[in-house]
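The values are calculated or read from the model by the stated rules, or taken from the named source; none is laboratory data. Just so we're clear, the structure is a prediction, and the values are computed from it rather than from any experiment. We place every Cβ from the backbone using ideal geometry, glycine too, and count neighbours over all the protein chains shown. Heavy atoms of the whole protein, side chains included, go into the accessibility calculation; ligands, DNA and RNA do not. Shrake-Rupley method; radii C 1.70, N 1.55, O 1.52, S 1.80 Å.
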Amino acid sequence: MAGDLFSFSLNPYTCICLESFGKTSVCGIVGFEWRAEKMCSNVVVGLPSPPNLNGTLSSPTPTSNTKDGDHLVMNHTGVGGYKWRLVIAYDGTRYAGWQYQSSPPTIQCFVEKVLMQATKLERKDLSLVGASRTDKGVHAWGQVAHFVTPFNYDSIDSIHAALNGLLPSDIRVREISPAVPEFHARFSAKSKIYHYKIYNDTFMDPFQRHYAYHSAHKLNPAAMKEAAKYFIGKHDFSAFANASQKERVRDPVKNIFRFDVIEMGALLQLEVEGSGFLYRQVRNMVSLLLQIGREALPPYIVPMILATRDRRELAKYAMFAPPQGLSLVTVKYNEEHLRLPSGCSTTSFGRHYTIGSCKLPFY
C-alpha cells in the first residue's frame, strides 16, 4: 500500500497530509469528519483554503503541486524536509517561561502540543526552537521560533487558523512563513529588542499590573537616561548576569546598540536593543537604573560595576527587577535569512472573515 494515493474530503480545515507508509496512510486533521478514497500513487487533499508553506530543510528533490478542481495534488519525495518560521505573541503571566518543561506549563509546551495535534508528528520530529528563552512571567510580542516537517503545504492560511484555534487565548501565532534551510530562530538572530515598563505613580493602575512594574518612589528620568548611555557599546556583562543551570557558559561580551528611556505620562518605557543578552541581564540592568532613578546612586556607577565583572558587586546596590514589566518585542535577522524559498507562497498574517449579504425571504 506504500505509495498509494488517497482523496480526502474535509470540512472545514485540513492541516496536514502525509504520504502513505507501509500499510498505513496517515492524514492529520483538526477535528471534523473525513472520508478516504484510494486513487493512484501519492496524496490528494481536498482543501477549502489550501495551506501553503514551502521551506526546504535540506534541498529535497523538488515536489510538484497541481490542482485538480478543488483538490491539491502534493507529491512528497521523502527526501529532506521543510522548515518554517513562526512569530508568536503571548502573555507570560501564568506560564513558567518559554523553555520546555512538563510542569509547570511553559509557552513552548503549549505550542508544541498544538503542532503535534495539527501535524500528527512527535515532539522530537518537530524540533521546535525559540529565539529567546523568556523567564516566568515575561511577555512577548515578537518571539520567533522555527520547526520542521517532512511534508510541505501549498497554503498556510488554514494551518495558521488551526493553530490559533487550538492555542489558549493568551498565546497567538502572529505570522507563519516558509524558511530557508539556513534559518535558525536562535542562532541566526542579529539583535533582540526588549521593553521594560515602569508605572511611576502613587498607586498602581490596575489595568497595568500584569504588564508593568510599580514604583511608588518618584523617579528621575534624566538620571536614568544618562546612566543608560553607559550600557551602550560592547562590554563584558558578567556583573549583570545571573548563573543559569539550564545553559552552558556563554560569551559574556555583548553589544548594546541602544538603550532608551521614554516618558509616556506615568509610564516609563525602557527600550534596549542588543546583539544578545545573558540570563536576566535586562532585568538586572533595569534594577540598577531604578536605583539611579530614585537618586540613591549616581549614573557613573554603571561603568564601575561593569568593570568588576562580578555579579556580587551589583547585588550590593540593587535587587533584580520583577518579570511582569519585561517583554520581548522584536527579533531581527539578516535579509538573507528571511528570504522566502523559491516557488513558495507569501507569509500568512492570518485572515479576516466576512459575512456575505443576507437575502431574507420576505424581501
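My understanding is that a pair violates if its Cα-Cα distance is over 24 Å; which of 229/316; 113/197; 197/332; 192/316; 83/192 do that in this structure? Intermediate results must be reported in sequence, preceding the final value.
Working: 229/316 22 Å; 113/197 31 Å; 197/332 21 Å; 192/316 28 Å; 83/192 22 Å.
From the list (229/316; 113/197; 197/332; 192/316; 83/192), the Cα-Cα distance tops 24 Å for 113/197; 192/316.
From the backbone phi of region 110-115, what are the Karplus-calculated ³J(HN,Hα) couplings (6.51 cos²θ - 1.76 cosθ + 1.60, θ = phi - 60°) in whole Hz, Gly and Pro given as x?
5, 5, 5, 4, 6, 5
Given a 1.4 angstrom probe, what's the average accessible area per residue across region 208-285, in square angstrom? Don't skip to the end; give the middle numbers.
Details: 3890 Å² over 78 residues.
In whole numbers, region 208-285 has 50 Å² accessible per residue.
Taking the Cα centre of region 128-185 as origin, sum charge times position over the Cβ atoms of Lys and Arg (+1) and Asp and Glu (-1), and report the length of that vector in debye to the nearest 20.
Working: 4 positive and 6 negative charges, 47 e Å.
With Lys and Arg at +1 and Asp and Glu at -1, about 220 debye.
Return the sequence-ordered ³J(HN,Hα) values of region 141-151 in whole Hz as given by the Karplus equation 6.51 cos²θ - 1.76 cosθ + 1.60 applied to θ = phi - 60°, using x for Gly and Pro.
These are the phi-based 3J(HN,Hα) values: 9, x, 5, 10, 9, 9, 8, 10, 9, x, 10 Hz.
Based on the Cα atoms of region 73-198, what semi-axes does the equivalent ellipsoid have, where each is the square root of 5 times one gyration tensor eigenvalue, given in whole Å with the largest first?
Working: eigenvalues 127, 52, 35 Å².
Taking √(5λ) for each Cα gyration eigenvalue gives 25, 16, 13 Å.
For residue 174, list long-range residues whose amide hydrogen, built 1.01 Å from N in the peptide plane, is under 5 Å from its own amide hydrogen.
Placed amide hydrogens put 87, 88, 89 under 5 Å from residue 174.
Which far-off residues, 5 or more places away or on another chain, put their amide H under 5 Å from the one on residue 151, with H placed in the peptide plane?
Amide H neighbours of residue 151: 82.
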